[in-house]
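Colleague: For reference, the structure I am asking about is given below.
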Amino acid sequence: MKLTIDELSVFCKKKGFIYPSSEIYGGMSGFFDYGPLGVELKNSIKAEWWKAHVHDRDDVVGIDGSIITNPKVWVASGHVGSFTDAILECGKCGSKTRADHFIEDKLKMDTAGLPLEQINSIVKSHKLKCGKCGSAFKDAAGFNLMFQTNVGPAEGSTSYLRPETAQVIFADFRQVTDTTRIKLPFGIAQIGKAFRNEISPRDFLFRCREFEQMEMEYFVSPDQANSCPYVNEVLDYELLVLSAEMQQKKHAAKKMKIREALDKKVIKTQWHAYWLAFEHKWFSSLGISHDNMRIRQHFDEEKSHYALDTWDIEYNFPFGWKELQGMANRTDYDLSQHMKHSGKDLSYYDEEKKARVTPHVVVEPSQGVERAFLAFVNEAYNDDKERGNIVLKLHPKLAPYKAAVFPLVSNKPELTSKAKEVYLSIKPEFNIYWDASGSIGRRYARADETGVPACITVDFKTLEDDTVTVRSRDTTKQERVKISELKKALTDFLNKK
Ligand code: GAP
């Protein structure tokens, strides 16, 4: 049976992954804290993303920009004017709700991106009323999702907490190209906090008001959108595809190789196809099953104001298929806007063309850390009836603790001191913990529940031959390993997946 999002959030709280923020004061909707295990998992997700997108590649560099910028950035980007969601306000009790979610819940109808007039006409024709007091709504209005703040003591110095990390990349574009030797096509990546004053945060971490993004803007020469030198690497990669046309015709998602999607022009450009496959592979390499991921194209009316074409990687969350990662073709919209508003030249000298060009962001893989976190935990969660406990089968690269070390029993000083010796010898190289309390079965169960891939036990045989047992979380099988070879054995074990 599918886990519910409430069960998942209870599990995350109980095990120290995620806490409601400031809970002692009643919490704050849309804000969460990462506990001791959560911060490890979150840091590992970010480290794996950075490695795959920046360190392992020659064509991507990173930055870490400020959260608050000159507010003109957000005027130029269009966020001040159009980063809004439609809100419904009750004419009597004044309670406010996000229009598309309200309609979706009531009528099971997808209204993403619908203009206000259409929302009003749906509300009227279906006689939708306030969920709190049953009275009629006022006409739907736009609500800007940016948090405002005052910078310094001067009045009128309003700025915004960034609602996406992307704009900082565009604002820094010239500085990055001036200070590195990166050549088109190239990407600029960033991981950092983003803030959105969501009207109705919901589904645990899925829609929060403070979250983190892992984003990359990938720039190419304007006429090179369909010319990706890496496309051969992914042509035979297969994934579940749901184009806008398939959705219109009410067709189900179909398994397709990238080659077929490009040949049939389902995906329009090689770059879009390459990065969709790259990101899908990244998730799959860290444990998300292909059956639980699909790529879905946005309808025209659903696309953001800057996007030419957008595909999402969707995950089959406990509450259904929803966006895990967005991937828009932003064209030269942002660089052009910033040139217009700042008066600065953000064009780039293309050595091949011997001309200055305004590069196109042919694709922007934009991933929320919280949604990745949710997907990884959901995927890993196994209620093992035979063992009688949860087994959190996180990929070893993501597991908060890589191993635990136990003495078989805790009342034999010779075992405890030998086990401590083993523990201290590997602790500098692996994030591991010590556990000597309760029965060995209880300790294995505790480790399973928090995703510890390997448990190392020092038993009476250890005292005779300097070997320990290494128990696998996933199979419960135990192997005897010489203490002198433990570091290598553990490294091999963790890299096996
Ligand atoms: N720069 C493009 C951009 O920000 P987006 O689709 O609005 O596009 C990108 O957001 C990703 O950020 C989403 O796919 C999701 O993973 C994450 N995200 C967006 N809003 C979020 C929220 N309120 N809570 C958690 N994650 C969110």
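Bear in mind that the values in this text are calculations on the coordinates, not laboratory data. Quick caveat, the model's predicted, so the values are computed rather than measured. FYI the Cβ positions are ideal-geometry reconstructions off the backbone, even for glycines, and counts take in every protein chain you see.
Colleague: Starting from the amide H of Ala253, placed 1.01 Å from N in the peptide plane, find each other amide H under 5 Å away whose residue is 5 or more places distant or on another chain.
Modeller: Amide H to amide H, under 5 Å and 5 or more residues apart or across chains, Ala253 pairs with nothing.
Colleague: Over the chain, what relative contact order in percent results from Cα pairs under 8 Å that are six or more residues apart?
Modeller: Here the relative contact order equals 13 percent.
Colleague: Quick one: 3J(HN,Hα) in Hz for the range 423-429, Karplus 6.51/-1.76/1.60 with θ = phi - 60°, rounded, Gly and Pro as x.
Modeller: Each residue's phi maps through the Karplus curve to give 4, 5, 6, 9, 3, x, 9 Hz.
Colleague: Another question, then. Just checking the chain: which Cys have no other cysteine's beta-carbon under 4.7 Å?
Modeller: Cys12, Cys208, Cys228, Cys455
Colleague: Give a residue-ordered list of calculated ³J(HN,Hα) values for the range 236-241 (Karplus: 6.51 cos²θ - 1.76 cosθ + 1.60, θ = phi - 60°; whole Hz; x for Gly, Pro).
Modeller: Along the range 236-241, the couplings run 8, 7, 10, 8, 7, 10 Hz.
Colleague: Which of the lysines could be linked to Lys72 by a straight reach, that is with a Cα gap under 24 Å, when you skip same-chain ones fewer than 8 residues away?
Modeller: Lys193, Lys303, Lys340, Lys344
Colleague: Would you mind checking the tilt of helix 36-50 against the longest principal axis of the Cα atoms of the chain, expressed as 0 to 90 degrees and rounded to 10?
Modeller: Tilt of helix 36-50: around 60 degrees.
Colleague: Report the relative contact order of the range 1-125, percent, no decimals, based on alpha-carbon pairs under 8 angstrom and at least 6 residues apart.
Modeller: Values: 72 pairs, mean separation 12.3, N = 125.
Result for the range 1-125 is 10 percent.
Colleague: Just flag the trypsin sites (Lys or Arg not before Pro) in the range 245-276 sitting in loop per DSSP whose Cβ has no more than 11 other Cβ atoms within 10 Å.
Modeller: Lys249, Lys250, Lys264, Lys265
Colleague: While we're here: Taking amide H atoms as placed 1.01 Å from N in the peptide plane, list the residues 5 or more away in sequence, or in a different chain, whose amide H sits under 5 Å from that of Asp33.
Modeller: Sorted by chain and number, the residues that satisfy this are Tyr19, Ser21.
Colleague: Please report how many Lys pairs in the range 84-144 have alpha carbons closer than 14 angstrom, counting only residues at least 8 apart along the chain or sitting on separate chains.
Modeller: Taking the Cα cut-off of 14 Å, the pair count is 13.
Colleague: Tell me the angle of helix 116-125 to the major Cα principal axis of the chain, expressed in degrees between 0 and 90 and rounded to the nearest ten.
Modeller: 80 degrees
Colleague: Quick query: amide H of Tyr160 versus all other amide H atoms, modeled in the peptide plane; which residues come in under 5 Å with a sequence gap of 5 or more or a different chain?
Modeller: Close amide H contacts, sequence-distant or interchain: Thr69, Thr149.
Colleague: Which of rounded, prolate, oblate describes the chain, given a ≥ b ≥ c as roots of the alpha-carbon gyration tensor eigenvalues and a/c under 1.5 marking rounded, otherwise prolate only if a/b is larger than b/c? Write out the running numbers ahead of the final one.
Modeller: On the way: a/c = 1.87, a/b = 1.47, b/c = 1.28.
Prolate, since a/c reaches 1.5 and a/b exceeds b/c.
Colleague: Shape call for the range 401-494 from the C-alpha gyration tensor, a ≥ b ≥ c root eigenvalues: rounded (a/c under 1.5), prolate (a/b greater than b/c) or oblate?
Modeller: rounded
Colleague: Please give the helix 440-449 orientation as an angle from the longest Cα principal axis of the chain, in degrees from 0 to 90, rounded to the nearest 10.
Modeller: On a 0 to 90 degree scale, this one is about 10.
Colleague: To the nearest 500 deg cm²/dmol, what mean residue ellipticity at 222 nm is calculated for the chain from DSSP H runs of n ≥ 4 alone, each contributing -39,500 (n - 2.57), summed and divided by the residues?
Modeller: Values: 17 runs with 155 residues, N = 497.
Value at 222 nm, helices only: -9000 deg cm²/dmol.
Colleague: Please work out whether the range 31-71 counts as rounded, prolate or oblate from its C-alpha gyration tensor, where a ≥ b ≥ c are the square roots of the eigenvalues and a/c under 1.5 means rounded, while otherwise a/b larger than b/c means prolate and anything else oblate? Mind showing how you got there, number by number?
Modeller: On the way: a/c = 4.49, a/b = 1.13, b/c = 3.96.
Oblate is the answer for the range 31-71, as a/c is 1.5 or above yet b/c matches or exceeds a/b.
Colleague: Can you tell me the length gained on complete extension of the stretch Thr149 to Arg181, counting 0.36 nm per residue apart and subtracting the Cα distance?
Modeller: Gain on extension, Thr149 to Arg181, equals 7.9 nm.
Colleague: Rounded to whole Hz and in sequence order, give me ³J(HN,Hα) for the range 371-387 from the Karplus expression 6.51 cos²θ - 1.76 cosθ + 1.60, θ = phi - 60°, writing x for Gly and Pro.
Modeller: Running phi through 6.51 cos²θ - 1.76 cosθ + 1.60 with θ = phi - 60° gives 5, 5, 4, 4, 5, 5, 5, 4, 5, 7, 6, 10, 8, 8, 5, 5, 6 Hz.
Colleague: Follow-up. Under a cut-off of 18 Å between alpha-carbon atoms, report the lysines in cross-link reach of Lys393, not counting same-chain residues fewer than 8 places apart.
Modeller: Within reach: Lys2, Lys13, Lys14, Lys15, Lys42, Lys385, Lys402, Lys477, Lys496, Lys497.
Colleague: Continuing with the same structure: Need the C-alpha centroid separation for the range 197-254 versus the range 305-357, integer Å.
Modeller: Each part's Cα centre sits 12 Å from the other's.
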